[in-house]
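Reviewing the structure listed below.
The values are calculated or read from the model by the stated rules, or taken from the named source; none is laboratory data. This structure is a prediction, so every number in the text was calculated from the model and none was measured. Note that each Cβ is placed from the backbone with ideal geometry, even for glycine, and that neighbours are counted across all protein chains shown. These accessible areas exclude ligands, DNA and RNA; they are computed on the full protein's heavy atoms, side chains included. Shrake-Rupley method; radii C 1.70, N 1.55, O 1.52, S 1.80 Å.
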Amino acid sequence: MSETNPAATAPVTADAAPHRYTAAMAAEIEARWQDFWDAEGTYAAPNPKGDLAGDPELVARPKKFIMDMFPYPSGAGLHVGHPLGYIATDVFARFQRMTGHNVLHTLGFDAFGLPAEQYAVQTGTHPRASTEANMKNMVSQLRRLGLGHDKRRSFATIDPEYYKWTQWIFLQIFNSWYDDEAKRARPISELVAQFDSGERAVPGGGTWSALTEAERADLLGEYRLAYASDAPVNWCPGLGTVLANEEVTADGRSERGNFPVFKSKLRQWNMRITAYADRLLDDLDQLDWPEAIKLQQRNWIGRSEGARVDFPVDGEHITVFTTRPDTLFGATYMVLAPEHPLVEKFTPAAWPEGTRDAWTGGHATPTEAVAAYRAQAASKSDVERQAEAKDKTGVFIGAYATNPVNGEQVPVFVADYVLMGYGTGAIMAVPAGDQRDFEFARAFELPIRCIVEPTDGRGTDPSTWESAFASYDAKIMNSSNGEVSLDGLGVVEAKERITEWLERTGAGAGTVNFRLRDWLFSRQRYWGEPFPIVYDEDGIAHPLPASMLPLELPEVEDYSPRTFAPDDADTKPETPLSRNEDWVHVTLDLGDGRGPRRYRRETNTMPNWAGSCWYELRYLDPHNSEQLVDPEIEQYWMGPREGLPHGGVDLYVGGAEHAVLHLLYARFWSKVLFDLGHVSSAEPFHKLFNQGMIQAYVYRDSRGIAVPAAEVEERDGAYFHGGEKVSRLLGKMGKSLKNAVTPDEICAEYGADTLRLYEMAMGPLDVSRPWDTRAVVGQFRLLQRLWRNVVDENTGRLSVADVAETDVDADTLRALHKAIDGVRQDLEGMRFNTAIAKVTELNNHLTKVGGPVPRPVAERLVLLVAPLAPHVAEELWRKLGHTASVVHEDFPVADPAYVVDETVTCVVQIKGKVKARLEVSPSVSEEDLEKAALADEKVVAALGGAGIRKVIVRAPKLVNIVPA
Ligand code: ANZ
């Protein structure tokens, strides 16, 4: 902290006001009220039943479940950027409490996963020890902010009593399958019953009872929503673990650590999130989320409408996915992804007659050519392979396929611009319509056929073109066989017509393809939830019975991950849990009738996303050891209702960086639990709000190295550190940039209420804002003025005037009610910055008017401030003579009469002579104005009981009365 604040730190001397609001006083008030709240359980939100049942009057109120994205207990502790969202939800929750709601607001810790583990490894402590120490530190940092959390509901994802249920949910997912007809998950036992009864045919023929145990396990693995498979996964040697697609950046590197990621075939656990692709997409529409986040989820799910088309090859076929079946007549070659399983099958021993040199890559045989090309492709990331600008590479595999629309023999290539993980991993190449195909065709001397009439004047001879022609507004040409013609049709119609033909002839079918892949769910880490899975001697996976949960994380000698040289793609992961042999090999009776047997435990752990996939549910019923959550309690807090068609948390606040990771995974688990009947809400978070970031200035010396921001001095608009000129740029706040400011420092210098106000006043909540320590004092002064408006600084006694509202001057009443009206709307709309501006305005008005503040005004001012600066509000409320906490008081309601913008003076005349003046709204109706004029005391007196002949009203300025 470079600047000290004299008001906050000045010692209280004899001539200084002894009851002034200082940092010391704030500290004393705040600690006292925090203790009071804890002792009283002020923020306890009662459940309708169970161990947290409580005040039925509160339970009967409408509920509000207000939630933050819970923190990782990082070793660095909090800087002032972290609590921005927590303060915002706290202000909002307090406001909701004061407007008649039963409010659930609490905070737990997301304590498994890489950050906690990396910190533990760096510091050489056990992850549990360091995580717990970090949590303890964060709990005390957060407590200092006066957040109104129901602490009875807090937990950490590493608590065995919590992860017992994470494991239980895993088993639910493992033990279910997705019924495409019913469009929901169902217990796997129902699928077994279908196979057993013959209602569903066993693929490959035969009966269920004739299958061996291993065959059954394999078959069910094709259906289970959690399944192990040998598939190419994202292997990150630098981190020593595999990663989900969502954890890999667009550059093909690990989001955490920025290491290269390689495709490696490894047996790993997956979650069949793809089964939910359309529901995850459709249900987004009814969520109250920022459009940008919805868009990111939509793009990630990536729904494409198109067709699957079969191209026959030697009595078999290659199936492609295309979004442009209307261009089928222009398909002049095909491409398989290098990893495509059919490549080996279709690659002959020798080059067929007439193979062009350009196609062979200089190899003597197709087998050699393909092997060499595959090796080359394997060393590249998907992103490198797809790069637009790169030269197109590939080799002919020596086989031809038949284009079903015209019977043409088209050569089949492998090329790395086609990815195995998308569509079917095979394409029909249409060089005239697709730029990548165009470039490839040019490089490999393949025919380019014009099948869409160019609209840009380039003509229909592709040999003169410089690029493919892609447009949805053109007409199809050169596209007919004896049975179907697309010539002259627009793209949309042509697509329909050809799809119809494909379906009629059995050559293909309309289909929807999703970009979304299944979620890779295992990690080679110590610090995660163990899988409740064991393998028998035949390698068949068995779920542990629920009675064996939680399966606790065992102690191991060395919990650090085995990492490798970041670019050594040929390495294999090693799981830390496999180092504890006694734990891995066990004799268990799983209660499945097989009796005690030897088993080997699964030694992967769950990814750090697992614990945050369902934590909102645990807040509801945190101590339930019998059920995931009591259905009645879940229904009460999360169930669907008007405005929340799928139910969910009423408000969820957190950073925008979780758009497709946590938020997609949590939605998926929610839907599985919903389908299986465990919860009534099919969406976890109804309303989502992304807070902006608190940024900070980064100061760098001439070498570009960040210098401690607190030591930088400003001179004439330039910045200096130790005499050396340094540059200044706005950036992230953090230890590494030496510009972190902690909430502890600000609380010590001004108090938590000032910090809260400052963070809320900095700007609209969703906008990023630069931190400026020197500006914090502005909010401190607001609280000092507030204090002075209620308390005599010299005596410490209440200084308000005990008068009735009717005795308050009209200006003040207007200022008061306008503030009430505005603050109410702003808090409801989460516009905390403008709410503070309105409180400031009212406070300043009272200071300007001077003299003791009328009690009805002072009381409501304190209530307005209560959600924002709860400690000082409690203190003043108590001084105003109230014995109950301000937390559950009613938020003031404005009198609409005073809310109108301004008043104008209306002159009331009798026979043309001014008898009275009225202050009225500029929008007053003629009728109301006439009534007000005739009711005015002075007018009544002047009329002296005389009757009225006529009233002329010119609203809002004049009323002229003509007596009888
Ligand atoms: C023929 C065609 C003609 C295509 C045309 C495009 C334009 P989206 O929209 O992203 O779903 N494709 C299909 N699978 C692929 C894979 N595994 N790797 C690389 N490319 C693949 O893209 C679908 C289009 O991308 C498909 O439609 C296919 O090329 C290509 F004028 O088929 B199209």
Of the residues in segment 486-504, how many are part of a loop (DSSP other than H, G, I, E, B), more than 16 Å from the ligand (Cβ to nearest atom) and not small (Gly, Ala, Ser)?
1
Taking the options Gly306, Gly315, Gly302, name whichever one is farther than 19 Å from Ile448 by Cα, at pLDDT below 95 and either more than 16 Å from the ligand (Cβ to nearest atom) or open to solvent by less than 40 Å² (accessible area, probe 1.4 Å) (or both).
Gly315
Tally, over segment 384-419, of residues that are open to solvent by 60 Å² or more (accessible area, probe 1.4 Å) and either within 45 Å of the chain's Cα centre (by Cα) or within 14 Å of the ligand (Cβ to nearest atom) (or both):
5
With the requirement that a residue be farther than 27 Å from Met25 by Cβ, under 47 Å from the mean Cα position of the chain (by Cα) and of a type in the set (Val, Ile, Thr), what does segment 791-811 give you?
none
Across segment 259-315, which residue is nearest to Pro573 (Cα to Cα) among those that are outside any strand (DSSP E or B) and among the polar types (S, T, N, Q)?
Thr274
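Residues are listed down the side, and each one gets a yes or a no for (1) touching a helix residue (DSSP H, G or I) at 6+ places or on another chain (Cβ under 9 Å); (2) part of a loop (DSSP other than H, G, I, E, B); (3) touching a residue at least 60 places away in the same chain (Cβ under 8 Å):
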{"position": "Thr327", "(1), (2), (3)": "yes, no, yes"}
{"position": "Glu339", "(1), (2), (3)": "yes, yes, yes"}
{"position": "Glu353", "(1), (2), (3)": "no, yes, no"}
{"position": "Trp359", "(1), (2), (3)": "yes, no, yes"}
{"position": "Ala371", "(1), (2), (3)": "no, no, no"}
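Here is a yes/no grid of residues against (1) out of contact with any Asp or Glu (no Cβ under 9 Å at 6 or more places or on another chain); (2) not aliphatic (A, V, I, L, M):
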{"site": "Ala53", "(1), (2)": "yes, no"}
{"site": "Val59", "(1), (2)": "yes, no"}
{"site": "Lys64", "(1), (2)": "no, yes"}
{"site": "Met69", "(1), (2)": "no, no"}
{"site": "Gly75", "(1), (2)": "yes, yes"}
{"site": "Leu114", "(1), (2)": "yes, no"}
Selection from segment 442-465 of residues that are at negative phi and in contact with a helix residue (DSSP H, G or I) (Cβ under 9 Å, 6 or more places away or on another chain):
Ala443, Phe444, Leu446, Pro447, Ile448, Arg449, Cys450, Ile451, Val452, Arg458, Pro462, Trp465
Sort through Asp326, Asp288 and tell me the only one that's away from the ligand (no atom under 16 Å from the Cβ) and charged (D, E, K, R).
Asp288
Say we look at segment 44-59 and pick out the residues that are within 23 Å of Asp90 (Cα to Cα) and of a type in the set (Asp, Glu); which of these is surrounded by the most Cβ atoms within 10 Å (Cβ to Cβ)?
Asp55
Would you mention how many residues in segment 99-121 are out of contact with any Ser or Thr (no Cβ under 9 Å at 6 or more places or on another chain) and of a type outside the set (A, V, I, L, M)?
5
Per the filter on segment 206-253, residues within 21 Å of Pro607 (Cβ to Cβ), open to solvent by 10 Å² or more (accessible area, probe 1.4 Å) and modelled with pLDDT of 95 or more are Gly221, Arg224, Tyr227, Ala228
I'd like the full set of residues that are touching a Ser or Thr at 6+ places or on another chain (Cβ under 9 Å) and under 23 Å from Gly796 (Cβ atoms), limited to segment 879-904.
Ser885
Subset of segment 724-767 [under 23 Å from Gln779 (Cα atoms) and among the β-branched types (Val, Ile, Thr)]
Val741, Thr742, Ile746, Thr754, Val767
Any idea which of Tyr178, Tyr163 is assigned to a strand (DSSP E or B), open to solvent by less than 80 Å² (accessible area, probe 1.4 Å) and among the hydroxyl-bearing types (Ser, Thr, Tyr)?
Tyr178
Pairing a residue in segment 762-776 that is part of a loop (DSSP other than H, G, I, E, B) with any residue that is surrounded by fewer than 19 Cβ atoms within 10 Å (Cβ to Cβ) and of a type in the set (Gly, Ala, Ser), where Cβ atoms lie under 7 Å and the two sit 6 or more apart in sequence or on different chains, gives Leu765/Gly692; Asp766/Gly692; Val767/Gly692; Ser768/Gly692
Just give me the residues in segment 690-711 being outside any strand (DSSP E or B), more than 30 Å from Thr89 (Cα to Cα) and either at pLDDT 95 or above or open to solvent by 20 Å² or more (accessible area, probe 1.4 Å) (or both), in sequence order.
Ser702, Arg703, Gly704, Ile705, Pro708, Glu711
Using the structure shown, decide if Arg601 is away from the ligand (no atom under 16 Å from the Cβ), of a type in the set (Lys, Arg), within 30 Å of the chain's Cα centre (by Cα) and surrounded by 19 or more Cβ atoms within 10 Å (Cβ to Cβ).
no
Of (1) in contact (Cβ under 8 Å) with a residue 24 or more places away in the chain; (2) closer than 30 Å to Glu657 by Cβ; (3) surrounded by fewer than 21 Cβ atoms within 10 Å (Cβ to Cβ), Lys818 satisfies all except one. Which?
(2)
Out of segment 46-77, which residues are in a loop (DSSP other than H, G, I, E, B), within 23 Å of Gln141 (Cβ to Cβ) and in contact with a Phe, Trp or Tyr (Cβ under 9 Å, 6 or more places away or on another chain)?
Met69, Phe70, Pro71, Tyr72, Pro73, Ser74, Gly75, Ala76
When restricted to Gly648, Gly643, Gly639, the only residue at positive phi and out of contact with any helix residue (DSSP H, G or I) (no Cβ under 7 Å at 6 or more places or on another chain) is Gly643
Please count how many residues of segment 258-276 are within 15 Å of the ligand (Cβ to nearest atom) and crowded, with 20+ Cβ neighbours inside 10 Å.
1
Unmet requirement for Trp289, which otherwise passes all of (1) within 23 Å of Pro232 (Cβ to Cβ); (2) out of contact with any Cys (no Cβ under 8 Å at 6 or more places or on another chain)
(1)
Right, Pro366: over 30 Å from Ala250 (Cα atoms), surrounded by 13 or more Cβ atoms within 10 Å (Cβ to Cβ) and modelled with pLDDT of 95 or more or not?
yes
Given the criteria under 27 Å from Thr571 (Cβ atoms), of a type in the set (D, E, K, R), within 16 Å of the ligand (Cβ to nearest atom) and surrounded by fewer than 22 Cβ atoms within 10 Å (Cβ to Cβ), does Lys380 qualify?
yes
Looking for something small (Gly, Ala, Ser) and open to solvent by less than 10 Å² (accessible area, probe 1.4 Å) - is there at least one such residue anywhere in segment 839-858?
yes
Sort out for me the strands (runs of 3 or more DSSP E) sitting completely within segment 505-598 that have 3 or more residues that are surrounded by fewer than 17 Cβ atoms within 10 Å (Cβ to Cβ).
508-514, 585-589
Specify the residue that is farthest from the ligand (Cβ to nearest atom); the eligible residues are those in segment 421-477 that are more than 18 Å from Asp326 (Cα to Cα), open to solvent by less than 40 Å² (accessible area, probe 1.4 Å) and among the aromatic types (Phe, Trp, Tyr).
Phe444
